[in-house]
Amino acid sequence: MIDYQRDLNNEQRKVVLEEGGPILVIAGAGSGKTRTLTYRVARLVEKGIPPERLLLATFTNKAAHTMLSRVENLIGRQINGIWGGTFHHCAHKTLRMHARRLGFAPNFSIIDSEDSRQLINTCMKEMKIDVKGGKFPKADVIGNIISLSVNTEISLEDIIENRYDYFINYLEPITAIASEYKKRKLSLNMMDFDDLLFFWREVLLRFPDVRDHYAELFLHILVDEYQDTNRLQAEIVNMLAIGHRNLMVVGDDSQSIYSFRGANYENIMNFPELYPDCRIFKLETNYRSTPEILHLANLSINKNENQFQKTLRAVRDRGVRPVLVSTRDVLEQADFVAQRILEINRSGVPLGEIAVLYRAHFHSMEVQMELTRRGIPFEIRSGIRFFEQSHIKDVTAFLRILVNPKDELAWKRALGLYEKIGPATAEKLWRFLAAQDDPYASVFTEDFRKTASRSATNGLGRFQETFRAVSRIGSTSPNLVIEAIMQNGYVDLLRESHTDASAREEDLIQFMNFSSSFSSLEDFLSELALLASVNDETVETDENREHVVLSSIHQAKGLEWQIVMMIWCSEGMMPLARAVKEGGEEEERRLFYVAATRAKDQLYLCYPLRDYARGMGNLSLSPSRFILELASYARSSGELPYERWQACDLY
């Protein structure tokens, strides 16, 4: 028998022992959510509920496997038959049995993102979509637009108008491609990952006997991370629960941070309206962080109006107050982070227990540079190293050409960015330029155009347009050259080719601002080359050493470290200006809260007072509105939730 009295706190035990019906569990950060779910499943099995009549929906199959393994350990025997796994896993299991109802054979194929891209490309070619001029989105981007439309149940027109407005003139052909893509998948007996959810919902919606069968089958349904579900997933869950109504959803509205990929915050907030008889439980006992960190975290989320009120309470003894660190500029911020990491590490904290968190990947650039210079090994969870990103290398290729007209690799990379200029064509063009006395002038000649096939004409024209703009500036102002590259065609290339074009644009803006502190392209490129060289040596020699973690807040959700250092806690960076403009202030505040609650022992909130500016001088910055909200609390209560440090006073 499981000793629930011994193993669970009062909050957890009430959830686990609840009889049934609709239940909403608001599980605060570090409150033992997984433990509660695990014991709930074990309790149901212990009570005699047949495992095959339980559905446990999680966001990773690994999470489901971990929970079910723990259940088996608790009850002391193997259990088989529980429907445990991701929504897509459960959808796949259902559709294999009912695919014929929807016009598919039971042996339908599931295609991945690469297969999907190729099929969309095939549709475009066979439909003879006119992509001349090169401004039409590539298959990856079209696939992302279609996916977002399916998962949010928002029309393609609204998705394009609100998120991809630069493609609004292509609405009609994109809609036609989406329709053809859907037909082609059916004729080829294929489904993509979004189809699994879509058709699971369809088979339940369109065939009452199927819906009734599963509504009767599942005596209890448990859903983890409910704040991250999309509209489709919520509708599926509600249809499955229509019979016995034993639906328990677990999540934390304060950690709902994935709207950009279709998560619908209203699912968890509207649950009590959909189920007026639901019981609401709150897990507020936190086992992770010190009281001081939780005090700041609780204050940081208070201003959100649309939330379930809760207060995290610590079980740990008192620790040190979080530290608010102002630095003169972004370089001093990076210097402070690196120096403090070394000091903390020398005090006995492993590097792997230290994390630097930020809102956007480009925020990590200066810290990456400083850690590299000092030989501090780090691991990046938000993407690849800043200067190794493809879009940074693309722009750098143009800079290298301006400095060295004989840079073969740079010419080939820059030329290969444009449509119909593959490796073979880029090689021909390079050979032509290499044979010229003045390669720069030769770019604009008719002979240069004739070197490539006629199909590459549009691509060459776009390359010439960009190169003409940058060559006028010369090599004395790196930031002006980068700005010219962006404004004369490269941003269009990003939007056509990448689903995260806006994030890449932000990277390039910061790259451009950073370059403004250099007086020549030669100096700037030399600095980049030295950083790359040191980085290669560090990677090779420190492969088996512990690493500091650099991560976006999105990637850090669900993780924890002894020491967390949040950087760029400045207005416009946290919250991100673009997100606030799109009406996302409350989600940005939730991101701040998620970051703060990753820290177990120490939390540092860092913000620079100045940033690079285009041209001469620097740009003044102000602390994040979230920092000012904490300061406002301090003024009204007389109690600071943090200590104030100035990095310039510490060394």
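Heavy atoms only, probe 1.4 Å: what % of the accessible area of the chain goes to carbon and sulfur, would you let me know? Carbon with sulfur: 48 percent of the solvent-accessible area. Applying 1/(1 + (r/R0)^6) with r as the Cβ-Cβ distance of ARG279 and LEU342 and R0 = 51 angstrom yields a FRET efficiency of 0.50. Mean projected area of the convex hull spanned by the Cα atoms of the chain, taken over all viewing directions: 32.0 nm².
All other residues whose Cβ lies under 13 angstrom from that of ARG400 are scored, Lys and Arg at +1 and Asp and Glu at -1, for a net of 0. Only helices at least 27 Å long along their axis, Cα-based, and averaging 0.0 or more on Kyte-Doolittle count here, so list those DSSP H runs from the chain. Both cut-offs are met by 521-541. For the listed peptides 446-454, 417-425, a ranking on the average number of other beta carbons within 10 Å per residue, highest first, reads 417-425, 446-454.
Once the Cα-Cα distance is subtracted from the 0.36 nm per residue extended length, the ALA176 to ARG245 segment shows a gain of 20.8 nm. Rolling a 1.4 Å probe over the protein heavy atoms leaves ASP611 with an accessible area of roughly 10 Å². Placing LEU621, LEU399, LEU609 in order of accessible area, with the largest value first and a 1.4 Å probe, yields LEU609, LEU621, LEU399. Here each label is just a point 7 Å from Cα along the line to Cβ, and for ALA435 and HIS213 those points are 7.1 nm apart. The stretch between ASN61 and LYS450 holds 134.6 nm of extra length on full extension. This uses 0.36 nm per residue minus the Cα-Cα distance.
LEU402 sits with roughly 30 Å² accessible to a 1.4 Å probe, with DNA, RNA and ligands left out of the calculation.
Here the range 133-169 and the range 45-86 have alpha carbon centers that stand 39 Å from each other. Between ASN270 and ASN162, the contour length at 0.36 nm per residue exceeds the Cα-Cα span by 36.5 nm. Highest mean packing comes first when the peptides 590-597, 209-216 are listed by Cβ atoms within 10 Å, giving 590-597, 209-216. A Förster distance of 22 Å, applied to the separation of the beta-carbon atoms of SER155 and GLN464, puts the FRET efficiency at 0.05. If the viscosity is 1.306 mPa s and the temperature 10 °C, what translational diffusion coefficient in µm²/s does Stokes-Einstein give for the range 28-184 when Rh comes from Kirkwood over Cα pairs? Roughly 83 µm²/s, to the nearest whole number. Dividing the helix sum by the residues of the chain, where each DSSP H run of 4 or more adds -39500 (n - 2.57), gives a mean residue ellipticity at 222 nm of -15000 deg cm²/dmol.
Over the range 99-186, accessible surface divided per residue gives 54 Å², non-protein components excluded, 1.4 Å probe. Accessible area per residue was computed with a 1.4 Å probe on protein heavy atoms; GLU427 scores about 50 Å².
The largest accessible area among CYS123, CYS278 belongs to the first residue in CYS278, CYS123, and the rest follow in falling order (1.4 Å probe, all chains).
The values are calculated or read from the model by the stated rules, or taken from the named source; none is laboratory data. Source: prediction; values computed, not measured. So basically every Cβ, Gly included, is an ideal-geometry build from the backbone, and we count neighbours across all protein chains shown. Surface accessibility is based on the protein's heavy atoms, side chains included, excluding ligands, DNA and RNA. Shrake-Rupley method; radii C 1.70, N 1.55, O 1.52, S 1.80 Å.
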